[in-house]
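Take a look at the structure below.
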Amino acid sequence: MAALTQVPIAPASMERFRAVLGADYSQVEAAIGEAERLLAGRVIWHVNSTARGGGVAEMLRSLLAYARGAGVDLRWVTIDGDEDFFRVTKRIHNHLHGAPGDGGELGRREREIYERGLLESAAELTALVQKGDVVYLHDPQTAGLAPHIKSRDVSVVWRCHVGLDRPNELARNAWAFLEDYVSSADAYVFSRRTFAWEGLEKEKLWLVAPSIDAFSPKNQDLDAEAVRAIVARAGLAHLDGQAPMFTREDGTRTRVDRAAEVDQEGLIPDDSPLVVQVSRWDRLKDPTGVLRCFAEHCRHPEAHLLLAGPAVAEIADDPEGAEVLAEVRDQWQRLPSEVRARVHLACLPMEDIEENAAIVNAIQRRADVILQKSLAEGFGLTVAEAMWKARPVVAGRIGGIQDQIVDGVSGLLVDDPADLAAVAEAIDTLLDDPDRAEAIGIAGRERVRKSFLSTRHLVEYVQLIAGMLQAQDGVADR
């Protein structure tokens with residue numbers, strides 16, 4: 001069995017953003033011209049651990065399609081690994097967030113598991129890349145590939161999508177575990193400055209915030225009828241006969257066929273206020289805290305809560321997902337009956353990624369308030385997604401979330417996301433005042449348009465590669 005899986009990337013045109021950006025589109029045109037000149041004859045490889053589930057895979061799917069549409073020769077591959085490998089990489093992920101995760105260590109045995117788990121991927125990748133290529137390695141799972149790839153005389157960028165504003169001992173231990181691998185890269189990319197590790201070479205450091213694709217199935221405009229139909233087909237609301245249609249990335253119209261796996265005692269009433277959190281089943285997203293917050297502190301007796309996440313069997317690189325989902329289900333069962341009747345759990349089908357995205361889109365558009373009560377967060381793409389849909393967001397003042405939301409203007413930030421009463425008060429504030437909630441949603445959409453769309457990301461992507469290659473040429477000339 002191959003250790004690498006190539007992910008197909010269909011090109012997408014950036015022209016669709018011209019009407020969205022107006023005069024700002026000139027920056028995109030300049031970046032496209034620079035990419036064609038600079039990258040001719042080079043292949044840009046992106047390597048991560050999964051093509052489905054989570055913000056990184058979703059962001060790559062859109063960003064790489066637009067870069068390929070701009071004339072860049074891009075390839076995307078995912079690495080394979082056994083249960084022990086992904087157990088260690090999940091531990092690294094948790095530690096980088098300052099969380100103990102499964103409570104295990106990152107010692108010599110874990111290093112042996114990690115390095116052994118990457119050997120086959122390293123062998124296959126080094127056979128594929130050629131001199132002059134650029135390889136993007138994403139997150140802890142792939143960091144150990146950097147020394148292998150550098151031996152092929154290629155440029156290596158390590159992109160870290162996770163981090164912590166105030167690193168603790170766990171985070172620094174994770175840095176120490178990865179540092180020897182990461183230090184061989186030609187550039188390091190972090191989402192925000194406070195995430196950048198101490199001791200890394202500053203001249204190699206780049207800051208690039210993630211982005212969303214306004215035209216993907218997850219973010220494309222859906223009218224109210226389509227929202228109702230898709231939410232109903234997922235098994236969360238009453239069917240009304242309307243076909244649950246959306247537009248695929250290739251422009252074809254298609255129907256949502258699959259239902260979610262749901263835990264609920266009844267459907268969501270059409271006229272009930274709905275609070276939604278969409279995230280992976282991850283303790284750092286605190287789904288059990290969301291349940292307690294809603295059950296113990298939210299004061300709107302007619303409101304419903306929906307916790308939605310991916311079907312856990314389809315997320316190969318997250319061995320804790322099933323455990324967390326079981327904890328959430330157990331807590332849901334123990335809720336008072338009158339509260340349990342207003343709480344819905346949904347595991348969304350993952351067989352068709354675009355269908356999954358359309359269901360998430362409809363769920364977010366059905367929401368009156370979208371919550372992201374993460375305890376730690378690298379960026380939080382679900383926040384930008386909700387803002388783009390003009391939905392008011394309540395979230396913790398942590399990580400990249402606070403870079404997206406201007407508190408009180410484009411969303412509401414809670415200083416401590418573990419303060420359940422404060423989170424509930426923010427939710428209730430928006431449910432109490434629909435006009436304010438609408439104004440915040442509109443401001444959020446405009447903020448995303450200006451700062452967090454794929455076009456800005458592509459421009460910075462080209463600038464990074466150009467700067468890195470020019471620096472290397474300067475070294476070679478000396």
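The values are calculated or read from the model by the stated rules, or taken from the named source; none is laboratory data. From a predicted model like this one, the values you see are computed outputs, not experimental measurements. All Cβ positions, glycine included, derive from the backbone under ideal geometry; neighbour counts span all protein chains shown. With ligands, DNA and RNA removed, areas are computed over all heavy atoms of the protein, side chains included. Shrake-Rupley method; radii C 1.70, N 1.55, O 1.52, S 1.80 Å.
Answer yes or no as to whether Ala303 is under 18 Å from the mean Cα position of the chain (by Cα), small (Gly, Ala, Ser) and farther than 25 Å from Gln141 by Cα. So Ala303 fails the test.
If you filter region 313-326 down to residues that are within 22 Å of Asn48 (Cα to Cα) and part of a helix (DSSP H, G or I), you find that the one that is modelled with the highest pLDDT is Ala322.
State all residues of region 239-256 that are in contact with an Asp or Glu (Cβ under 7 Å, 6 or more places away or on another chain) and either closer than 30 Å to Glu320 by Cα or acidic (Asp, Glu) (or both); if no residue qualifies, say none. Passing the criteria: Glu249, Val256. Residues to consider are Arg391, Arg340, Arg299, Arg329; find the one that is in contact with a Gly (Cβ under 9 Å, 6 or more places away or on another chain), more than 15 Å from Gly235 (Cα to Cα) and among the charged types (D, E, K, R). Only one candidate passes the filter, namely Arg391. One residue alone among Leu291, Leu200, Leu284 is at pLDDT below 95, buried (at least 16 other Cβ atoms within 10 Å of the Cβ) and part of a helix (DSSP H, G or I), and that residue is Leu284. Residue check: is Ala422 open to solvent by less than 50 Å² (accessible area, probe 1.4 Å), over 20 Å from the mean Cα position of the chain (by Cα) and more than 17 Å from Ala209 (Cβ to Cβ)? It is true that Ala422 is open to solvent by less than 50 Å² (accessible area, probe 1.4 Å), over 20 Å from the mean Cα position of the chain (by Cα) and more than 17 Å from Ala209 (Cβ to Cβ). Quick one: in region 215-243, which of the residues that are within 17 Å of Leu267 (Cα to Cα), in a loop (DSSP other than H, G, I, E, B) and at pLDDT 95 or above is farthest from the chain's Cα centre (by Cα)? Per the stated criteria, the residue is Ala237. On inspection, Ile92 does not qualify as crowded, with 18+ Cβ neighbours inside 10 Å, touching a strand residue (DSSP E or B) at 6+ places or on another chain (Cβ under 9 Å) and either modelled with pLDDT under 95 or of a type outside the set (Gly, Ala, Ser) (or both). Test Ile440 against the stated conditions and say whether it is closer than 26 Å to Ala362 by Cβ, in contact with a strand residue (DSSP E or B) (Cβ under 7 Å, 6 or more places away or on another chain) and of a type outside the set (Gly, Ala, Ser). Taking the combined requirement at face value, the residue satisfies it.
Taking region 1-89 and the helices (runs of 4 or more DSSP H) fully enclosed by it, the elements with 2 or more residues that are crowded, with 21+ Cβ neighbours inside 10 Å and of a type outside the set (Lys, Arg) are at 25-38, 55-69.
Restricting attention to region 297-312, the residues being under 16 Å from Gly54 (Cβ atoms), among the hydrophobic types (A, V, I, L, M, F, W, C) and either part of a loop (DSSP other than H, G, I, E, B) or open to solvent by less than 10 Å² (accessible area, probe 1.4 Å) (or both) number 2. On inspection, Asp165 fails the criterion of being open to solvent by 20 Å² or more (accessible area, probe 1.4 Å) and within 21 Å of Asn48 (Cα to Cα). Within region 388-395, is there a residue that is more than 18 Å from the chain's Cα centre (by Cα) and open to solvent by less than 50 Å² (accessible area, probe 1.4 Å)? Checked region 388-395: at least one residue is more than 18 Å from the chain's Cα centre (by Cα) and open to solvent by less than 50 Å² (accessible area, probe 1.4 Å). Entry remark, region 177-197: residues being part of a helix (DSSP H, G or I) and either open to solvent by 10 Å² or more (accessible area, probe 1.4 Å) or without any contact (Cβ under 8 Å) to a residue 40 or more places away in the chain (or both) number 6 in total.
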